Amino acid sequence: MSKLQVNGKDLDVDADPAMPLLWVLRDTLGMTGTKFGCGQALCGACTVHLDGAPVRSCVTPVSAAAGKKLITIEAIGEDRIGKAVQAAWVKHDVAQCGYCQSGQVMSATALLRSKRFPTDAEINQAMAGNICRCGTYMRIRAAIRDAAVQLG
Ligand code: FES
Ligand code: FES
């Protein structure tokens, strides 16, 4: 049994401590907003926040989340920065197929939390681990810049 705090709720989860967090989220808790892409920390589709930091849930054991605040895409709109990022995503019509986008939003929110007005180079660096097979990178950068302006 693992004790988790997911999106502000304390949960007891019946899972092997070594099980990837992504499996617990999707298969045990039914929270399918976080996506499975590569399973090897290469694509960023599975990005969630642990104590505000972006982590790849496909390679993070559930035991690593114990005692930490886990935030997923389902609750990112409750965060001031996450809400601004989501609004900018809609405004710039970022998503194409959408598969990578929850991970992109999580990484973008973490970036703006650590750096309010990132340079293009800092955006590129922070988002480099989030792959988009549809090639929405230009719209992602525009939305991040816009969200930064809206947040002020
Ligand atoms: S599914 Fe986790 S990084 Fe690709
Ligand atoms: S929008 Fe299709 S993979 Fe990114």
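The values are calculated or read from the model by the stated rules, or taken from the named source; none is laboratory data. Source: prediction; values computed, not measured. Here the Cβ is made from the backbone with ideal geometry for all residues, glycine too, and neighbour counts use every protein chain on show. The accessibility values were calculated without ligands, DNA or RNA, using every heavy atom of the protein model including side chains. Shrake-Rupley method; radii C 1.70, N 1.55, O 1.52, S 1.80 Å.
Expected output is a single nm value to one decimal: the length gained when fully extending between A66 and R116, i.e. 0.36 nm times separation in residues minus the C-alpha distance. What is it?
Result for the pair: 15.1 nm of gain on full extension.
So what's the angle, to the nearest 10 degrees on a 0 to 90 scale, between helix 101-114 and the longest Cα principal axis of the chain?
80 degrees
Heavy-atom accessible area of L111 with all protein chains present, probe 1.4 Å, nearest 10 Å²?
Taking all protein chains as shown, L111 has close to 10 Å².
Report in % the part of the accessible area of region 76-151 that belongs to carbon and sulfur, leaving out ligands and nucleic acids; probe 1.4 Å.
55 percent
In debye, nearest 20, what is the charge dipole magnitude of region 81-144 about its Cα centre with +1 on Lys and Arg Cβ and -1 on Asp and Glu Cβ, if you could check?
Working: 8 positive and 3 negative charges, 30 e Å.
Dipole size: approximately 140 debye.
Quote the accessible area belonging to F36 in square angstrom, nearest 10, computed with a 1.4 Å probe and with ligands, DNA and RNA left uncounted.
Rounded to the nearest 10, that gives 100 Å².
Quick one: which of K69/K91; K9/K91; K3/K91; K3/K115; K35/K69 span more than 27 angstrom between C-alpha atoms?
In this structure, K69/K91; K9/K91; K3/K91; K3/K115 lie more than 27 Å apart at Cα.
Can you sort D16, D146, D10 by solvent-accessible area, 1.4 Å probe, largest first?
Reading off the accessible areas and sorting them downward yields D10, D16, D146.
Under Stokes-Einstein, with the Kirkwood radius over Cα pairs standing in for Rh, what whole-number D in µm²/s applies to region 53-152 at 4 °C and 1.567 mPa s?
94 µm²/s
Give me the number: length gained by fully extending K83 to L42, i.e. 0.36 nm times residue separation minus the C-alpha to C-alpha distance, one decimal in nm. Write out the running numbers ahead of the final one.
Details: separation 41, 0.36 × 41 = 14.76 nm, distance 2.60 nm.
Between K83 and L42, full extension yields 12.2 nm more.
Work out the charge dipole of the chain with +1 on the Cβ of Lys and Arg and -1 on the Cβ of Asp and Glu about the Cα centre, then indicate which of A84, G52, T34 is farthest towards its positive end.
With unit charges placed on the Cβ atoms, the residue in question is A84.
Relative to the Cα centre, what is the charge dipole magnitude of region 2-71, using +1 at the beta carbon of each Lys and Arg, -1 at the beta carbon of each Asp and Glu, and rounding to the nearest 20 debye?
240 debye
Taking only DSSP H segments of four or more residues, each worth -39500 (n - 2.57), what value at 222 nm results for the chain once the sum is divided by all its residues, to the nearest 500 deg cm²/dmol?
Numbers: 4 runs with 49 residues, N = 152.
Counting only the DSSP helices, I get -10000 deg cm²/dmol.
Assigning unit charges at the beta carbon (Lys, Arg +1; Asp, Glu -1) and nothing else, what dipole magnitude in debye, to the nearest 20, does the chain show about its Cα centre?
In total the dipole reaches around 460 debye.
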